[in-house]
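Asks: One structure is given below, represented as structure tokens, and several questions about it will come after.
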Amino acid sequence: MSDRLLAALTRRRAWLLLFAVLLCLPPFYLDAFWLRIGLFSMAAAIGATGLALLSGTAGQLSLGHAFFLAVGAYGYTWLAGEPGPGLPPALAALLAVLLAGAAGGLFSPVAARVKGIYLGIATLALVFLGHHVLLTADSVTGGFNGRSVPPLTLGGFTFAQGDPELTVLGVPFGAEERLWFLGLALFAFTWFTARGLLRSRPGRALAALRDSETAAAVMGVDVARHRSAAFVVSSMYAGLAGVLLALAFRRVVPDYFSLALSVDYLAMIVIGGLGSVAGATAGAVFVTALPLLMTRYADQLPLVTAPGSAEGAVGPTEAARYLYGAAIVLVLLYAPDGLHGLARRVQDRVRRRRSRTPAPHTVVPSPPQPAARPKEHTP
């Protein structure tokens, strides 16, 4: 390994360590509102990463991501709650993720044989079917009013407003502060596993499927098996996001897991960049935080009214959808590879400029002058 490559790796690890330390600081300085935005953004980033693997890397369109989020959220709530088996919360969370993967496995034969807009329509049926089940299965889901979510407990430590009170460095740690570090751990797990998958042989096979199924099949890629596997993995990521969302909301209701949520996740990966974990994270933060911020500052924004105002006015949620709808149009027109691709191009341009700029106090040698040609005498 060359010294330059070793220095680059060391610098990258130092930046990652600094970024991790910075992400651990908000619970000590920010109030509950900003921590909730961070929690919802981390949950959305986990789910968007799964959809980015499915749609961006494997090239499969899915409009049913909200269904698998609901499976994870309601699966944890029922498995850990009463009525229900009343399992230990940590085991219930793990089983909820596996349950979402099993639901994706049941649908995977369809995903293995259908592609494009036809797969999108097929997954769309999952959202309507799931919403109907959530409304009618009262004994499991609580019906229209939903169910309260049992807090997660690990080794006697409760990720909720616990008793006794917890104080760290003079800061009282309530539910949001405790869940913040749980969300960070789950997000870090998602980040590294997804990036490892993209760089592995199955990830390269999925990318080959996206580019050309015929070429991938000629190279020995089992098209149906890899399509099914991508759908199952994406479903498990969505189930994990659903568990974290349920813990952050503390109550799950059927209306949240609607078609609008699936559209939001598609917007996340389009804005952030298809097939990119970092892009999916950036898009998730943008789409999740924008309506919450507009709701809080609605009285200070032009053309936006507070929730519950007169009929016909533009509320913060609708205004946020207009804005990131416009962002999708701008991305498709001027940056088809999303925010991640745009940031990468800017970074490459800066690097090229630095490489062209001579270092200070460096003497730039002048180009060699051609030798003087002796004058020819005319006869």
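Asks: Using a basic spin-label model with each label point 7 Å from the Cα along Cα→Cβ, how many nm lie between residue 118 and residue 136?
Replies: 2.8
Asks: Across 5 Å bins from the origin, how do the percents of Cα pairs in the stretch 205-305 run, short distances first?
Replies: 2, 10, 12, 18, 18, 14, 9, 6, 4, 3, 2, 1
Asks: Between residue 354 and residue 225, what length in nm is gained on full extension when 0.36 nm per residue of separation is reduced by their alpha carbon distance?
Replies: Computed gain between residue 354 and residue 225 is 41.8 nm.
Asks: If the elastic network links every pair of Cα atoms under 10 Å, which of 143, 273, 338 fluctuates the most in the Gaussian network model of the chain?
Replies: 143
Asks: Using amide H atoms built 1.01 Å from N in the peptide plane, name the residues 5+ places from residue 147, or on other chains, whose amide H lies under 5 Å from its own.
Replies: Amide H to amide H, under 5 Å and 5 or more residues apart or across chains, residue 147 pairs with 252.
Asks: Just the number, please: carbon plus sulfur as a percent of the accessible area of the stretch 48-130, 1.4 Å probe, no ligands or DNA/RNA counted.
Replies: 79
Asks: Oh, and also: Residue by residue through the stretch 121-132, which ³J(HN,Hα) values in whole Hz follow from phi under the Karplus form 6.51 cos²θ - 1.76 cosθ + 1.60 (θ = phi - 60°), with glycine and proline marked x?
Replies: So the J values, rounded to whole Hz, are 5, 5, 6, 4, 4, 4, 5, 5, 5, x, 5, 5.
Asks: Give the separation of the Cα centroids, the stretch 204-263 to the stretch 110-172, in Å.
Replies: With the stretch 204-263 and the stretch 110-172 each reduced to a Cα centre, they are spaced 16 Å.
Asks: How much accessible surface area, in Å² rounded to 10, belongs to the heavy atoms of residue 63 with a 1.4 Å probe?
Replies: 40
Asks: Against the empirical 2.2 N^0.38 Å scaling, what ratio does the C-alpha Rg of the chain come to?
Replies: 1.21
Asks: May I pose another question? Sticking with the crude label model, points 7 Å out along Cα→Cβ, report the distance from residue 144 to residue 297 in nm, one decimal please.
Replies: 3.7
Asks: Taking 7 Å along the Cα-to-C-beta vector as the label spot, tell me the residue 218-residue 322 distance in nanometres, rounded to one decimal.
Replies: 5.1
Asks: Could you put 148, 262, 228 in order of accessible surface area, largest first, with the 1.4 Å probe and the full protein assembly present?
Replies: Ranked from most to least accessible, the order is 148, 228, 262.
Asks: Per the helix-only calculation at 222 nm, which mean residue ellipticity applies to the chain, given -39500 (n - 2.57) for every DSSP H run of n ≥ 4 and division by its residues, nearest 500 deg cm²/dmol?
Replies: Dividing the helical sum by the residues of the chain leaves -22000 deg cm²/dmol.
Asks: Hey, in the GNM for the chain with a 10 angstrom Cα cutoff, which one of 317, 288, 123 fluctuates hardest?
Replies: Result for the chain, Cα springs under 10 Å: 317 fluctuates most.
Asks: Given H placed 1.01 Å from N in the peptide plane, which residues other than close sequence neighbours of residue 84 have an amide H under 5 Å from its amide H?
Replies: none
Asks: If you don't mind, there's one more thing I want to ask. Over the Cα atoms of the stretch 313-356, compute the convex hull volume and normalise it per residue, giving Å³.
Replies: Hull volume over Cα atoms, normalised by residue count, gives 79 Å³.
Asks: Probe 1.4 Å, all protein chains in place: accessible area of residue 350 in Å², nearest 10?
Replies: For residue 350, the solvent-accessible surface is approximately 70 Å².
Asks: Follow-up question, since we're still on this one. Enter the accessible area of residue 219 (Å², nearest 10), with the probe set to 1.4 Å and all protein chains included.
Replies: Surface accessible to solvent at residue 219 totals approximately 140 Å².
Asks: For the chain, set up a Gaussian network in which alpha carbons nearer than 10 Å are linked by springs, and say which option among 146, 155, 220 fluctuates the most.
Replies: Looking only at 146, 155, 220, the largest GNM fluctuation is found for 155.
Asks: On the principal axes of its Cα set, how long, how wide and how thick is the stretch 56-143? Give whole Å, largest value first.
Replies: On the principal axes, the stretch 56-143 reaches 41, 26, 19 Å in Cα extent.
The values are calculated or read from the model by the stated rules, or taken from the named source; none is laboratory data. Note that the coordinates shown come from a computational prediction; the quantities given were computed from them, not determined experimentally. Neighbour counts are summed over all protein chains in view; Cβ atoms, including those assigned to glycine, are modelled from backbone coordinates with ideal geometry. For accessibility, only protein heavy atoms count, side chains too; no ligands or nucleic acids. Shrake-Rupley method; radii C 1.70, N 1.55, O 1.52, S 1.80 Å.
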